[in-house]
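None of the figures in this text is laboratory data; all of them are computed from the coordinates on show. Small disclaimer: the values here were computed from a predicted structure and weren't measured.
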Amino acid sequence: MKKEEADFLHLSDEELLKEAKKNKPSPLVDSFFIGFLIGIIIFGAAATSFGFFLLVPLFLAYVMIRKSKKNKAVQKELKKRGLK
């Protein structure tokens, strides 16, 4: 069992529904920003400018991907409980 899934096991149904509302997915926007940030990383690597400005988009892409995984775990738990 993954950590994301384990975090939602102890929540009540109401709390889980609130968490689902709070993390409303927008896959098109998230995909666009992740692609944009990866493009910046590739451009920065090609321009041989390794440094702080290369790490910022890498970190932001990681955060957005992690948010997507958290949302999937919430949706899975909702489905398991029959709330959605």
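Note: relative contact order over the chain, using C-alpha pairs below 8 Å and six or more positions apart, is 46 percent. Starting from a Cα-only point model with no solvent, please compute log10 I(q)/I(0) by Debye for the chain at q = 0.15, 0.19 1/Å. Values returned for q = 0.15, 0.19 Å⁻¹ are -0.64, -0.82.
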